[in-house]
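Step one of this worksheet: look at the structure below.
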Amino acid sequence: MTRKVPKKIYLTEDQMPRQWYNMRADLKEQHAPYLHPGTLQPIKTEELFPIFCEELAKQEMNNTDRFIDIPEEVQNFYKIFRPSPVIRAYELEKLLDTPAKIYYKFEGNNTSGSHKLNSAAAQVYYAKQQGLTGLTTETGAGQWGTALAMACAYYGLDLTVFMVRVSSEQKPYRKAVMETFGAKVIPSPSNTTEVGRAILAEFPETGGSLGCAISEAIELATHSSGYRYVLGSVLNQVLLHQSIIGLEAKQQMEMIDEYPDIVIGCAGGGSNLGGLMAAFLADKLAGKANPYFIAVEPASCPSFTRGRYAYDFCDTGKVTPLSKMYTLGSGFMPSPNHAGGLRYHGMSPLLSKLYHDGLLDKAVAVEQSKVFDAATLFARVETILPAPESAHAIRTAIDEALRCKETGEAKTILFGLTGTGNYDMQAYMDYKAGRMNDYIPTDEELAAGFATLPKIPGIQ
Ligand SMILES: Cc1ncc(COP(=O)(O)O)c(C=O)c1O
């Protein structure tokens, strides 16, 4: 039997997008403005300059330009690891015996092992252009820190990474890779910053969280001349850079006369899902198509499905601008789930707005052991070892495909395979040994997190 659609759908370098797509320019309503943490007034672009690079601060606030040119130097960097393939999951379809057609956009084909390099390449470029000498950041799973270490090595900037302590213990090789690329890696919370010392004094046994690590990274950046802080998710600028995923995927689907009925992405801070869905959302907003978007999060850290839509700090130390987002409260400490990149109390304010308005159709929370059931099944037939974060999307893609089997519908499913799990073997070993903990926070634990939401006179 001849296959009409090849296993892998590739673009050539010449077909790669030369602009990012800024979905905010097409939205009728913008997300609520960021508030200054001191004055509680809407923040101005210039007020972001002490923390972020100027060009990135401008991108953060830009809701008018539909397309933003990808600088030629960034395009050249992208060509080292892009375009990435869209892959037809024939083997998985066969195993599930489903009429659904399953495709995935595979972003794991670079040393960082994830989509994070798409934004790291851009952010470090703008820092270099501004004449900065160094950057600080946080990392959970380690993919973002590795991506940034690679980009800093490429452009010649210094980098200090605050790595969530439990991840640094679970994944010592990740730390070694970052160090190989020249980064300094500090397990967080640490006693190298004031905020780290305060968190340790209150929670001496804590395994850390992305929120803590962000606070430490910001403190170091604002106390070091020539340094700025960069963030690998949540922000509009990051979703903008990640739009390359969806722009490429849409072209690739068009090349084979396909269009997704369902688009699925895991959601930690929302960057891969925002990037994958962006180009398809443009069609939805224009009334040309009606793809169904699904966000998948861990049941242990359920920001969308059990969080509040409220203003909150993006970090535990409460130094970042306040953003209105689905959040569990910046004081919420998620249990040590193996998908470190999804252990974040909040969510992109842009995706939060889309979810609130029904443009992001659905969010689901899944338990860790079911995620690893899916990861293992997928690895065996498709031969890619997925990152635990990415496996959340696989779980839901499988569930949707099985639903198609029941109804007999031949839906086209596209999911984001954001990365590989080669450094996550402790998690796979725990799964295999039956040691996986499916902890789901109680309502009381969530209430304790919500109690840390800021009080803003006249707003909440
Ligand atoms: C492989 C992988 N996928 C997904 C995520 C989640 O991040 P985001 O929601 O920003 O895409 C991470 C974050 O570290 C990651 O490493």
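Nothing in this text is a laboratory measurement; each read-out follows from the coordinates by a stated rule. Keep in mind the model is a prediction, meaning the values are calculated, not measured. Every residue, glycine as well, gets a Cβ built from its backbone with ideal geometry; the counts of neighbours run over all protein chains shown.
Among Ala427, Asn437, Cys404, flag the residue with its Cα farthest along the positive direction of the charge dipole of the chain, charges on Cβ as +1 for Lys/Arg and -1 for Asp/Glu. Checked the options; the winner is Cys404.
Centre-to-centre, using Cα atoms only, segment 11-27 and segment 309-378 are separated by 26 Å. For the chain, the mean residue ellipticity at 222 nm estimated from helices alone is -12000 deg cm²/dmol, where every DSSP H run of n ≥ 4 contributes -39500 (n - 2.57) and the total is divided by all residues, rounded to the nearest 500. Sequentially through segment 224-233, phi angles give Karplus couplings (6.51, -1.76, 1.60; θ = phi - 60°) of 10, 6, x, 10, 9, 9, 10, 10, x, 7 Hz, Gly and Pro residues having no value and appearing as x. The radius of gyration of the Cα set in the chain, together with its Dmax, comes out at 20.5, 67 angstrom. Normalised by 2.2 N^0.38 Å, where N is the number of residues, the alpha-carbon radius of gyration of segment 239-376 equals 1.08.
Histogrammed with a bin width of 10 Å, the alpha carbon distances of segment 31-111 distribute as 13, 25, 22, 22, 14, 4 percent, first bin at zero. Ranked by the mean number of other Cβ atoms within 10 Å of their residues, highest first, the peptides 333-345, 251-263 fall in the order 333-345, 251-263.
If you place +1 on the Cβ of every Lys and Arg and -1 on the Cβ of every Asp and Glu, how big does the dipole about the Cα centre of segment 134-260 come out, in debye to the nearest 20? Let's see the in-between values first.
Values: 8 positive and 13 negative charges, 66 e Å.
It comes to approximately 320 debye.
Farthest toward the positive end of the dipole of the chain, out of Thr146, Ser390, Gly270, is the Cα of Ser390, where the dipole comes from beta carbon charges about the Cα centre.
The amide H of Met325, built 1.01 Å from its N in the peptide plane, has Ala310, Tyr311, Asp312 as neighbours under 5 Å, considering only residues 5 or more places off or on other chains.
Charges were assigned to the Cβ only: +1 to each Lys and Arg, -1 to each Asp and Glu. The resulting dipole of segment 2-48 about its Cα centre is roughly 560 debye. Remark: the chain carries a charge dipole of roughly 540 debye about the Cα centre, counting +1 on each Lys and Arg Cβ and -1 on each Asp and Glu Cβ.
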